[in-house]
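A short worksheet on the structure shown next.
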Amino acid sequence: MGFKSIHKYIITNTSLRNNFWTDDKYSSLYWISVLIGSGALCVFLSYDIVLKWYDSPVNRFSINEPRHISENPFPAITICHNDPISSNTMNLASVLNWERQNKTDEEWQTLNVVYEMCQWKHNIFKLENINPNIVYKVVKELSTKCEDTIKQIRWKDKIIDHPCEIMQPIFLLTNLCFSFNALPYHDMYRHIPYKLQDTLQTGKKWSNLKSNWNLDDGYRDNNLTSNIPWNMKSTTYWNTVEIILAQKDAFYGCSSKQGFTVYFHSPSDVPDYSHSSLKLSKNSHSFVQISTFLSLTDDGLKSWTPEKRGCYYLNEKWLKYNTIYSYINCYVECQVNYTEHLCGCAPMFRINSSLPVCGPKSKDCLANAAIHVQRAYHTCKCLPSCTDIDYELSYSTVPKNFSYIKESFTFLDNLTDSNSLASIEATVNLEHTWPLRRNAEDTNIGYIGKIAGMTNLCRGVSLISSLEAFYFLFINPFFR
């Protein structure tokens, strides 16, 4: 069938004959040009719709369904003493005068561990690798213990006179810290850091408890009198936690930094410098109001791939060291893996019994490993959690003379001066939290409708006219 025959057939048999096909050849060419031009315009305008669907299919917006304070865990509080090596057990000023030939390898390894924990800048003989047992020995014999630092905790209206029974020890980089209300070790780690806990004999009462909460499902039974991790039931005046800390004067302390650094984070996160924090000094009291920010994900996105959705549910990404996925846990594990691979040693905050601990001489290698994981998504495929909780702080700090109330402190003894104390009191400031919800920007049918509307705008095309053209061009000629 030639062009003239097709031309005549379309003019005779289709509704297009009055628009695009006429007996005048030039008029037909004009309308063909209009047809092609409108098609190109339609593709150009629809491209942005398609691009948005592929690049950012998920939108986050505020929802009107508040969540009560009792449904969220109270944040974990990790306390780090800024002077981690006790001057009562080691004259730190004298060790800097050590000479290499007069000391054993064990003594030099001990000095290198102290050098790392104190974050010194002095010029000493630096080692590349350190025996893990030396690290534990320094922690056991020389570190500032929990009992010397955390004197009392008041949770709501209950006084906890032996707080170190519920404070789990943890390394934050090279600093020894203690965490309150973090998930118990059994629920947090695949390789439980028993060695650190056994060395310090701290936190075992809490570590043996069983959690009834996770990020995706919340509390499994929120009617329990004592949820793990703990939570607040309301914002009344007594629903606070108060922690009293002690710091002894250290004339030969390992650090010029005095006081404490306190981090607030999700109970399921390992503590990290990126978490909200504040600094305390002795003879001061800080009052902290905590704002809770919650991110949820619409159930309709569960069938999407994590990459398209932009987040992981707890059961979608396996971690080597942690049983619970979060972005921070993934990032820290990625940093550990790259450090072990590039440097052949383990960082102090994640000691591996099969590898030596990285010494001060390995700092350049550690820095290179950190560069590899700065963009954790591309390197380690770390995405946010589909259910995520974060905390922001607003606080004020005022001087406080503890000598006026020292009679009420049962922990005071000859070794603890009331003038060496500091306290922090924290509470959640809102009864309800308004979460953000990840949701699809639009449904598949919605995007098809947008493209169809754009096509109709540019070319006046409807589904019926498209089917009509398809029929007369491709089906009807074969049955005539």
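The values are calculated or read from the model by the stated rules, or taken from the named source; none is laboratory data. Values in this document were obtained by computation on a predicted structure and should not be read as measured data. Positions of Cβ are generated from backbone atoms using ideal geometry, with glycine treated the same way; all protein chains shown enter the neighbour counts. In case anyone asks, the SASA skips ligands and DNA or RNA and just uses the protein heavy atoms, side chains included. Shrake-Rupley method; radii C 1.70, N 1.55, O 1.52, S 1.80 Å.
Quick rundown of the values:
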quantity	calculated
Rounded to the nearest 10 Å², the accessible area of residue 78 at probe 1.4 Å	0
Apportionment of accessible area to carbon and sulfur, the stretch 204-244, percent (1.4 Å)	51
Heavy atoms of residue 324 accessible to a 1.4 Å probe, total area in Å² rounded to 10	20
Cα shape, the stretch 114-265, gyration tensor, a/c 1.5 rule	prolate
Sulfur and carbon atoms: percent of accessible area, the stretch 248-406 [1.4 Å]	51
Whole-angstrom gap from the stretch 119-150 to the stretch 203-219, using each part's C-alpha centre	30
Compactness of the stretch 325-373 as Cα Rg over 2.2 N^0.38 Å, two decimals	1.07
Rounded accessible area of residue 36 (nearest 10 Å², 1.4 Å probe)	120
Ranked order, 438, 220 - accessible area, probe 1.4 Å, largest first	220, 438
Rg/Rh (Cα only; Kirkwood hydrodynamic radius) as it applies to the stretch 144-206	0.96
Pairs from 205/308; 140/279; 126/210; 279/317 whose Cα-Cα separation, in the structure shown, is over 31 Å	205/308; 126/210; 279/317
Accessible area in square angstrom per residue, the stretch 309-381, 1.4 angstrom probe	45
Computed log₁₀ I(q)/I(0) - Debye formula, equal Cα scatterers, no solvent, the stretch 95-174, q 0.13, 0.19, 0.21, 0.25 Å⁻¹	-0.54, -0.86, -0.98, -1.24
FRET efficiency, residue 147 to residue 173 (Cβ-Cβ, R0 22 Å, nearest 0.05)	0.45
Relative contact order computed over the stretch 149-212 (Cα-Cα under 8 Å; 6+ residues apart), in percent	33
Summed side-chain charge close to residue 319 - residues other than residue 319 whose Cβ falls under 14 Å, Lys, Arg +1, Asp, Glu -1	+1
